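Notes for the one structure printed next.
The values are calculated or read from the model by the stated rules, or taken from the named source; none is laboratory data. Please read these numbers as outputs of a predicted model, since none were measured by experiment. Virtual Cβ from ideal backbone geometry, glycine too; neighbours counted across all protein chains shown.
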Amino acid sequence: EALRTGVNRALGGLMAIVDADSEWSPDTLAKLVDHKISNRMLAVTGYIHPNGAGVEGKLLVNLQRLEYSQGLSVGRCAQSLDNNVLVVSGAIGVYDADLLREVLMERNIRSVTEDLEITLEMHKKNAKVGYVSSVKSATVVPISLGALWRQRLRWFTGWLNNTLGIHRDLMTKRSWLTALMWYSYIFEYGGAFVDLASVVAFPFLWWLAPDPVLFGFNILVFFPYGLLISTISQAIALKFAYGSYQYRALLFYTPVYPLLRLINVFARSRSVLSYLRGNNGKWHK
């Protein structure tokens, strides 16, 4: 409702949106507007840097920085190749004012992930939605496991509500946008259940192995190989996000990054089950 009020009172042709807990870099607005106009886009977003007062050195925040560098920097760069960025985050976005006003007048925005709902509605109108990797918005992120868990439940359930409910017609179109949405379902939501099954099955595999010692040795051999691949992938993601392979020593947190991945696995699985029971998500206090 606050967004609707602001849009209705705006006079210009562009609308810049930023959450109350986010802060843009000095050149962010100029670069977003320049990219939008020069590429004839109707909406554009940028990178979100997890931040907040007193968060430096906190494990959970650094893990989120690794996560954002992968999902936002690399992921949205890929989505922007065909101007199909799935969501213009509330933390950073510039819109065509007329299009945003039209969407808010036509739709009763009702999901707990309203930025996703608005962006998907714009895609229905064949809007070009882009991403600028060189601009940043520093946003406050959860610093406790409880707050992170509630945030992820809202995000994941909101995604399900938007793609399977509000905008389910997008799932059957022949477009790159639809392919991106199906990719998310197969590898993120379907993958969550595969990962969950793997965690549950692991002790039984060890117990049923013909040679438990050899089984354990194979795991020890695989671990450094997997860590090497993960470190290389993460270094590339940090380069995309921050222009440095070793931004603030974040790369050293790669070995414990699976902890955050495990939280996401449980949260996605819980969200799917919750959505199937009729829960469309809610704002958690």
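Things worth noting here:
- Residue check, Ser38 among the small types (Gly, Ala, Ser) and free of Cβ contacts under 8 Å to residues at least 60 places away in the same chain: yes
Residues are listed down the side, and each one gets a yes or a no for (1) more than 21 Å from Asn83 (Cβ to Cβ); (2) modelled with pLDDT under 95; (3) of a type in the set (A, V, I, L, M, F, W, C):
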residue: Leu148; (1), (2), (3): yes, no, yes
residue: Leu153; (1), (2), (3): yes, no, yes
residue: Asn162; (1), (2), (3): no, no, no
residue: Lys173; (1), (2), (3): no, yes, no
residue: Leu196; (1), (2), (3): yes, yes, yes
residue: Trp206; (1), (2), (3): yes, yes, yes
residue: Asn218; (1), (2), (3): yes, yes, no
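- Which listed residue, of Gly191, Gly281, is surrounded by 12 or more Cβ atoms within 10 Å (Cβ to Cβ), part of a helix (DSSP H, G or I), of a type outside the set (Phe, Trp, Tyr) and within 18 Å of the chain's Cα centre (by Cα): Gly191
- Looking only at the range 124-170, residues that are in contact with a Lys or Arg (Cβ under 6 Å, 6 or more places away or on another chain) and of a type in the set (Phe, Trp, Tyr) come to 2 in all.
- Residue in the range 253-273 that is over 19 Å from the mean Cα position of the chain (by Cα) and over 15 Å from Leu63 (Cβ atoms) present: yes
- Flag if Leu145 is of a type in the set (A, V, I, L, M), without any contact (Cβ under 8 Å) to a residue 60 or more places away in the chain and out of contact with any strand residue (DSSP E or B) (no Cβ under 8 Å at 6 or more places or on another chain): no
- The single residue among Lys125, Lys136 that is of a type in the set (D, E, K, R) and buried (at least 19 other Cβ atoms within 10 Å of the Cβ) turns out to be Lys136.
- Checking each residue in the range 164-180 for being of a type in the set (S, T, N, Q) and either in contact (Cβ under 8 Å) with a residue 24 or more places away in the chain or not in a helix (DSSP H, G or I) (or both) picks out only Ser175.
- Qualifying position, being part of a helix (DSSP H, G or I), touching a helix residue (DSSP H, G or I) at 6+ places or on another chain (Cβ under 7 Å) and either of a type outside the set (Asp, Glu) or without any contact (Cβ under 8 Å) to a residue 40 or more places away in the chain (or both), among Tyr183, Tyr245, Tyr225, Tyr275: Tyr275
- The range 198-222, residues that are surrounded by 11 or more Cβ atoms within 10 Å (Cβ to Cβ) and without any contact (Cβ under 8 Å) to a residue 60 or more places away in the chain: Ser198, Ala201, Phe202, Leu205, Trp206, Ala209, Pro212, Phe215, Gly216, Phe217, Asn218, Ile219
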